[in-house]
Amino acid sequence: MKIPQRLESALTKLYKAFHNDELDPEFCTKCAVGNICDNNDSWQYLTDFHGSVVLNYVGLVNQNFNRKFHGYSPLELLQIEAYFLAGCGYELPIDGKNKKPNNPKDKAILFNGLCAVVSYLCELDQIDNIMDYKRLFEYENKVPLLVFE
């Protein structure tokens, strides 16, 4: 299966961030989108609230001009971040009053957030979710459908 360049790039950055302990859902340069955007914070100016999927004026202008940030539109970036935060257990948008995880940098919490992001990224590029492990265990007539040699 051929993986689109923007997906491969995003997955590589998220993988490195996760394993190098550089993933933090509460900092705009270290969250999922922050890492996809090379730890740049410019994406945060596309909305007024962290975790919101509503574009503000700046976001709308960029969206309407078909601007892409590392291959993703402003709305796609906000959706990616929302999936990440929701997967980590945040109630959105983040406003100081909404529910959040006790330890947002816990690896299990971050992994759940990344699973949600990867699923959405695959959906955007119309490919099967690469995190879906169910196919590994499919069988027919007691014979595995996938064979590794």
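Residues that are of a type in the set (Lys, Arg) and at pLDDT 95 or above number at least 3 in the following helices (runs of 4 or more DSSP H) confined to region 1-70: 5-19.
Going by what's in this entry, would Leu110 be described as outside any helix (DSSP H, G or I), surrounded by 15 or more Cβ atoms within 10 Å (Cβ to Cβ) and aliphatic (A, V, I, L, M)? No: the conditions fail for Leu110. Of the residues making up region 80-96, those that are within 12 Å of Glu26 (Cβ to Cβ) and not in a loop (DSSP other than H, G, I, E, B) number 4.
Glu76 meets each of the listed conditions (1) at pLDDT 95 or above; (2) in a loop (DSSP other than H, G, I, E, B) apart from (2). Candidates Glu81, Glu8: the one that is closer than 27 Å to Asp128 by Cα, charged (D, E, K, R), surrounded by fewer than 18 Cβ atoms within 10 Å (Cβ to Cβ) and within 14 Å of the chain's Cα centre (by Cα) is Glu8.
Per-residue answers, yes or no, for (1) modelled with pLDDT under 75; (2) not hydrophobic (A, V, I, L, M, F, W, C):
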site	(1), (2)
Phe111	no, no
Val117	no, no
Tyr120	no, yes
Leu124	no, no
Leu146	yes, no
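For (1) more than 17 Å from the chain's Cα centre (by Cα); (2) closer than 18 Å to Gln5 by Cα; (3) surrounded by fewer than 20 Cβ atoms within 10 Å (Cβ to Cβ), each residue gets a yes or a no:
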site: Val33; (1), (2), (3): no, yes, no
site: Asn39; (1), (2), (3): no, no, yes
site: Leu46; (1), (2), (3): no, no, no
site: Asn64; (1), (2), (3): yes, no, yes
site: Pro93; (1), (2), (3): no, no, yes
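The values are calculated or read from the model by the stated rules, or taken from the named source; none is laboratory data. Since we're looking at a predicted model, the values are computed, not measured. Please note: Cβ atoms are built from the backbone with ideal geometry, for glycine as well, and neighbour counts cover all protein chains shown.
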